[in-house]
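Enquirer: Quick one: the structure is below, questions incoming.
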Amino acid sequence: MVESRAVRIALRVVSVFVMTFLYLPLVILAIYAFNPSRLLVWPPTGFTLGWFAEAANNPAISVAVVNSLIVGALATVLALILGTLAAIAVHRYSFFGRQTISFFLVLPIALPGVVTGIALRTSFVTFGIDFGLFTIVVGHATFCVVIVYNNVVARLRRLPRSPEEASADLGADMWTTFRRITFPGLGTALLSGGLLAFALSFDEIIVTNFTAGAGTQTIPMWILAAIQRPTELPVVNVVALVLVTFSIIPVYLAQRISGGAAAGVSR
Amino acid sequence: MTPEASRPPTRGEASSAVAAVRLEGLVKRFGDAGTGAGAGTGAGDTSGSASADTVLAVAGIDLDIADGEFFSMLGPSGSGKTTTLRMIAGFELPTAGRILLHGEDVTDRPPFERDVNTVFQDYALFPHMSVADNVAYGLVVRKVPGPERQARVADALRMVRLEGYDRRRPGQLSGGQRQRVALARALVNRPRVLLLDEPLGALDLKLREEMQIELKAIQQAVGITFVYVTHDQQEALTMSDRLAVFNRGRIEQVGTPADVYERPATRFVAGFVGTSNLLSGETARAIVGGSGTFTVRPEKIRLAEPDSQPAPDEASAMGTIREVVYLGPDTRYIVALDAGGELVVTQQNIATSSMEALSAKGRTVRLTWKRQHNLPVGEE
């Protein structure tokens with residue numbers, strides 16, 4: 001398409017504006033992470049790696065990070081299993097109430113976090129389940145399952161049915177067909193769904209607050225607590241910067257995988 | 001439609017030996033599976049007995065396919081031929097009826113417990129596997145030992161002339177090559193029956209004609225029963241030992257290509273296989289001298305001068321050439337008959353140039369053909 005010069009310039013200006021809007025706060029955050037002053041003062045007074053050392057030596061941070069990793073991993077695994085099974089059931093088989101089930105599977109992601117949180121909390125209390133990592137995992141799984149489910153259903157819709165029939169035709173039973181044909185076809189959908197689910201779980205705060213007990217803290221919870229203590233602010237900046245850096249990896253991977261898969265499928 | 005349309009077409013060799021494929025009263029109704037669909041074996045037409053959201057795809061089929069036969073199921077789309085094939089393969093469960101393979105009832109068995117293999121219309125290759133792994137798949141899941149497996153895969157690839165392509169992915173192959181991989185993948189298992197669902201449909205004409213010859217040669221070499229679904233009458237006539245003409249979920253005629261072409265049993269067959277040249281009612285009485293509907297194949301008709309005399313064993317009709325279609329090796333003339341109706345005549349361009357052929361438009365002609373070539377056809 002050919003645009004006029006004015007349109008081209010306008011588009012560039014808008015792009016720059018959007019990028020600034022998205023990334024300027026992150027840049028400011030990064031600058032403060034290296035700023036020797038304990039207070040937020042502009043311009044920065046110098047350059048230091050001291051806050052990194054302080055963050056590394058803070059046991060509360062490392063415990064919270066490990067908790068977040070554990071919760072994220074477990075919620076993701078749970079979501080991968082349940083989400084995939086649900087997707088296959090809804091997509092492949094027609095049964096009574098299929099549409100309804102599909103609707104209720106997707107609903108939790110639209111539900112406000114506070115509602116999910118308070119509902120889960122009430123349930124845990126009712127059934128006498130102790131709060132801790134397990135309850136957080138269950139809380140996160142509610143929305144992680146939806147992510148995986150949506151990814152897998154979308155992929156199943158795109159995959160042709162005939163390779164599975166060919167597999168059965170060539171003598172493979174249903175399990176072999178799933179393992180050798182269906183699963184490799186879902187592979188990238190599972191990977192990108194899993195990465196997204198993990199990323200969502202890792203920074204989740206609302207449901208986490210309701211489902212974590214008094215003694216358990218994830219990294220977003222630690223940040224939320226620390227931000228109220230002005231002296232810890234530079235350390236918070238450091239933690240946030242590290243999190244930003246590490247979040248880029250799964251998002252980048254997920255993007256590449258889904259992009260690459262789309263190109264591969266179109267053949 | 002009369003019930004006779006689905007009569008069992010048992011013929012000669014098929015009835016004496018055990019049939020490779022035997023279909024008995026096969027019915028398939030798509031739609032809500034629950035409500036009494038099983039009871040209506042071969043029940044009337046689609047609109048009458050079925051409720052609004054069900055479709056009667058196969059309406060009662062009886063068929064014997066002999067061992068080693070190249071058998072085609074020919075019909076327009078929606079005639080039930082592919083559904084029938086998918087029931088033989090086990091991808092669809094019949095609503096009623098039985099399927100026997102070599103005398104064994106397989107009606108309720110899943111696809112992986114039937115000794116048949118399928119070549120799919122879209123090839124259905126496994127995109128994440130190499131050509132060799134695709135072909136080896138059936139042997140791997142049936143736990144054929146490694147060395148034998150490799151030898152058989154190499155044999156199969158050689159048969160379809162794809163040596164040296166083993167490491168390629170399906171995505172790196174042309175349509176014709178994928179088709180060959182699909183064929184090799186099915187044949188490597190040495191099934192007793194091979195089902196082919198419009199396997200050449202996606203290929204261009206030139207390649208399709210090559211593959212027709214090749215498929216037939218492979219079938220004769222391996223001696224496997226081929227059940228071949230196609231909507232292309234030329235393809236069915238070229239390749240088959242026998243063929244069944246499907247229409248609206250029923251078989252209209254079963255026979256050799258010559259049978260079906262020269263002695264179409266119904267008006268539908270006459271129209272679908274070859275050009276429909278039908279004479280009926282008053283026209284038939286005037287020209288043929290009998291009541292009913294008759295068909296004459298276009299290549300059996302001769303164009304003659306209007307004042308020429310037909311021989312005693314010939315029928316003849318006067319008409320005007322309404323349209324001339326020049327086809328290269330032959331020319332098609334559409335002749336409006338004085339007695340009413342039209343006949344299509346094809347003449348080989350042995351001594352005719354295109355100019356001469358095209359200038360015939362508007363001319364008055366006498367059409368003559370041997371009386372043995374106007375055949376009565378049933379009214380369905």
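Enquirer: Under 8 Å between Cβ atoms, which residue pairs at least 6 apart in sequence (or on different chains) link something in region B:83-94 that is within 11 Å of chain A (Cβ to nearest Cβ) and farther than 12 Å from B:R109 by Cβ with a partner that is open to solvent by less than 10 Å² (accessible area, probe 1.4 Å) and in a loop (DSSP other than H, G, I, E, B)?
Expert: none
Enquirer: Can you tell me which residue is farthest from the other protein chains (Cβ to nearest Cβ) among those in region A:124-144 that are part of a helix (DSSP H, G or I) and open to solvent by 20 Å² or more (accessible area, probe 1.4 Å)?
Expert: Residues of region A:124-144 that are part of a helix (DSSP H, G or I), as a first pass: A:124-126, A:133-144.
Among the residues that remain, those that are also open to solvent by 20 Å² or more (accessible area, probe 1.4 Å) are: A:125-126, A:133-134, A:138, A:142-143.
Details: A:V125: 44, A:T126: 40, A:L133: 37, A:F134: 37, A:V138: 34, A:T142: 32, A:F143: 30 Å.
My answer is A:V125.
Enquirer: Follow-up question, since we're still on this one. Say whether the condition of being surrounded by 18 or more Cβ atoms within 10 Å (Cβ to Cβ), under 27 Å from A:V242 (Cα atoms) and away from every other protein chain (no Cβ under 14 Å) is met by at least one residue in region A:146-166.
Expert: Yes, because at least one residue in region A:146-166 is surrounded by 18 or more Cβ atoms within 10 Å (Cβ to Cβ), under 27 Å from A:V242 (Cα atoms) and away from every other protein chain (no Cβ under 14 Å).
Enquirer: Suppose we filter region B:315-329 for residues that are under 32 Å from the mean Cα position of the chain (by Cα), assigned to a strand (DSSP E or B) and either free of Cβ contacts under 8 Å to residues at least 24 places away in the same chain or closer than 9 Å to B:T368 by Cα (or both); how many remain?
Expert: Of the residues in that region, 2 qualify.
Enquirer: Please indicate, with yes or no, whether at least one residue in region B:86-109 is buried (at least 16 other Cβ atoms within 10 Å of the Cβ), over 30 Å from B:G25 (Cβ atoms) and within 26 Å of the chain's Cα centre (by Cα).
Expert: No: region B:86-109 contains no residue that is buried (at least 16 other Cβ atoms within 10 Å of the Cβ), over 30 Å from B:G25 (Cβ atoms) and within 26 Å of the chain's Cα centre (by Cα).
Enquirer: Output the residue which, of all residues in region A:191-212 that are of a type outside the set (A, V, I, L, M) and out of contact with any Ser or Thr (no Cβ under 7 Å at 6 or more places or on another chain), is most open to solvent (accessible area, probe 1.4 Å).
Expert: Of everything passing the filter in region A:191-212, A:D203 is most open to solvent (accessible area, probe 1.4 Å).
Enquirer: As an exercise: evaluate A:F34 against (1) modelled with pLDDT of 85 or more; (2) more than 23 Å from the chain's Cα centre (by Cα) and give the number of the one condition it does not meet.
Expert: (1)
Enquirer: Going through B:A236, B:A244 one at a time, which residue ends up being within 18 Å of B:I88 (Cβ to Cβ) and in a helix (DSSP H, G or I)? So that I can check it myself, show each step before the final result.
Expert: On the way: B:A244 fails: in a helix (DSSP H, G or I).
Going through B:A236, B:A244 in turn, just one is within 18 Å of B:I88 (Cβ to Cβ) and in a helix (DSSP H, G or I): B:A236.
Enquirer: Do we have A:A172 as surrounded by 22 or more Cβ atoms within 10 Å (Cβ to Cβ), of a type outside the set (V, I, T) and either facing another protein chain (nearest Cβ under 8 Å) or free of Cβ contacts under 8 Å to residues at least 12 places away in the same chain (or both) here?
Expert: Working: surrounded by 22 or more Cβ atoms within 10 Å (Cβ to Cβ): yes; of a type outside the set (V, I, T): yes; either facing another protein chain (nearest Cβ under 8 Å) or free of Cβ contacts under 8 Å to residues at least 12 places away in the same chain (or both): yes.
So A:A172 fits the description; yes.
Enquirer: What about B:Q309, is it open to solvent by 30 Å² or more (accessible area, probe 1.4 Å) and part of a helix (DSSP H, G or I)? So that I can check it myself, show each step before the final result.
Expert: Details: open to solvent by 30 Å² or more (accessible area, probe 1.4 Å): yes; part of a helix (DSSP H, G or I): no.
Answer is no for this residue.
Enquirer: Between residues in region B:331-351 that are part of a strand (DSSP E or B) and residues that are crowded, with 19+ Cβ neighbours inside 10 Å and basic (K, R), which pairs lie under 9 Å by C-beta distance while being six or more apart or on different chains?
Expert: Filtered contacts from region B:331-351: B:T346/B:R297.
Enquirer: Could you check, for region B:61-78, whether at least one of its residues is assigned by TED's automatic domain parsing to the domain that holds B:G25 and assigned to a helix (DSSP H, G or I)?
Expert: Going through region B:61-78, the residues assigned by TED's automatic domain parsing to the domain that holds B:G25 turn out to be B:61-78.
Still in the running and assigned to a helix (DSSP H, G or I): none.
No, there is no match, as no residue in region B:61-78 is assigned by TED's automatic domain parsing to the domain that holds B:G25 and assigned to a helix (DSSP H, G or I).
Enquirer: Just a yes or no: is a residue in region B:158-171 aromatic (F, W, Y) and either open to solvent by 50 Å² or more (accessible area, probe 1.4 Å) or at positive phi (or both)? Talk me through it step by step, then tell me what you get.
Expert: Of the residues in region B:158-171, the ones aromatic (F, W, Y) are B:165.
Now narrow it down to the ones that are either open to solvent by 50 Å² or more (accessible area, probe 1.4 Å) or at positive phi (or both): B:165.
Looking through region B:158-171, at least one residue is aromatic (F, W, Y) and either open to solvent by 50 Å² or more (accessible area, probe 1.4 Å) or at positive phi (or both).
Enquirer: Could you go through region A:214-235 and let me know if any residue there is of a type in the set (S, T, Y), at pLDDT below 85 and in contact with a Gly (Cβ under 8 Å, 6 or more places away or on another chain). Explain how you work it out, then say what you get.
Expert: Of the residues in region A:214-235, the ones of a type in the set (S, T, Y) are A:216, A:218, A:231.
Adding the requirement that they be at pLDDT below 85 leaves A:216, A:231.
If we keep only those that are in contact with a Gly (Cβ under 8 Å, 6 or more places away or on another chain) too, we end up with A:216.
Yes, region A:214-235 has at least one match.
Enquirer: Within region B:148-165, is there a residue that is within 14 Å of another protein chain (Cβ to nearest Cβ), without any contact (Cβ under 8 Å) to a residue 40 or more places away in the chain and in a loop (DSSP other than H, G, I, E, B)? If you could, list the steps in order and put the result at the bottom.
Expert: Of all residues in region B:148-165, those within 14 Å of another protein chain (Cβ to nearest Cβ) come to B:149, B:152-153, B:156.
Imposing the further condition that a residue be without any contact (Cβ under 8 Å) to a residue 40 or more places away in the chain reduces the set to B:149, B:152-153, B:156.
Narrowing the set further to residues that are in a loop (DSSP other than H, G, I, E, B) leaves none.
No, region B:148-165 contains no residue that is within 14 Å of another protein chain (Cβ to nearest Cβ), without any contact (Cβ under 8 Å) to a residue 40 or more places away in the chain and in a loop (DSSP other than H, G, I, E, B).
Enquirer: Going by what's in this entry, would B:V188 be described as closer than 28 Å to B:A136 by Cβ and buried (at least 22 other Cβ atoms within 10 Å of the Cβ)?
Expert: On the way: closer than 28 Å to B:A136 by Cβ: yes; buried (at least 22 other Cβ atoms within 10 Å of the Cβ): yes.
It is true that B:V188 is closer than 28 Å to B:A136 by Cβ and buried (at least 22 other Cβ atoms within 10 Å of the Cβ).
Residues are listed down the side, and each one gets a yes or a no for (1) facing chain B (nearest Cβ under 7 Å); (2) outside any helix (DSSP H, G or I); (3) within 14 Å of B:M129 (Cα to Cα):
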| residue | (1), (2), (3) |
| --- | --- |
| A:A168 | yes, no, no |
| A:F183 | no, no, yes |
| A:L190 | no, no, no |
| A:L196 | no, no, no |
| A:A199 | no, no, no |
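Enquirer: Testing B:F126 on (1) of a type outside the set (D, E, K, R); (2) facing another protein chain (nearest Cβ under 8 Å); (3) touching a Phe, Trp or Tyr at 6+ places or on another chain (Cβ under 6 Å), one condition comes back false. Which one is that?
Expert: It is condition (3) that B:F126 fails.
Enquirer: Looking at (1) within 25 Å of the chain's Cα centre (by Cα); (2) farther than 18 Å from B:P199 by Cα; (3) at the interface with chain A (Cβ under 9 Å from one of its Cβ atoms); (4) in contact (Cβ under 8 Å) with a residue 24 or more places away in the chain, which is the one condition that is false for B:T118?
Expert: Of (1) within 25 Å of the chain's Cα centre (by Cα); (2) farther than 18 Å from B:P199 by Cα; (3) at the interface with chain A (Cβ under 9 Å from one of its Cβ atoms); (4) in contact (Cβ under 8 Å) with a residue 24 or more places away in the chain, only one is false for B:T118: (2).
Enquirer: Can I ask one more? Yes or no: A:T100 within 14 Å of chain B (Cβ to nearest Cβ) and either within 30 Å of B:V116 (Cα to Cα) or in a helix (DSSP H, G or I) (or both)? Show your work before the answer.
Expert: Numbers: within 14 Å of chain B (Cβ to nearest Cβ): no; either within 30 Å of B:V116 (Cα to Cα) or in a helix (DSSP H, G or I) (or both): yes.
The answer is no for A:T100.
Enquirer: Do we find that B:V245 is in the same structural domain as B:A59 (by TED's automatic domain parsing) and surrounded by 23 or more Cβ atoms within 10 Å (Cβ to Cβ) in this structure? Break it down stepwise before answering.
Expert: Working: in the same structural domain as B:A59 (by TED's automatic domain parsing): yes; surrounded by 23 or more Cβ atoms within 10 Å (Cβ to Cβ): yes.
Against the criterion (in the same structural domain as B:A59 (by TED's automatic domain parsing) and surrounded by 23 or more Cβ atoms within 10 Å (Cβ to Cβ)), B:V245 qualifies.
The values are calculated or read from the model by the stated rules, or taken from the named source; none is laboratory data. What you see is a predicted model, and the numbers here were worked out from it, not measured in a lab. A quick note on method: Cβ atoms are made from the backbone with ideal geometry, for glycine too, and the neighbour counts reach across all protein chains shown. Surface areas here come from the heavy atoms of the whole protein model, side chains and all, with no ligands, DNA or RNA. Shrake-Rupley method; radii C 1.70, N 1.55, O 1.52, S 1.80 Å.
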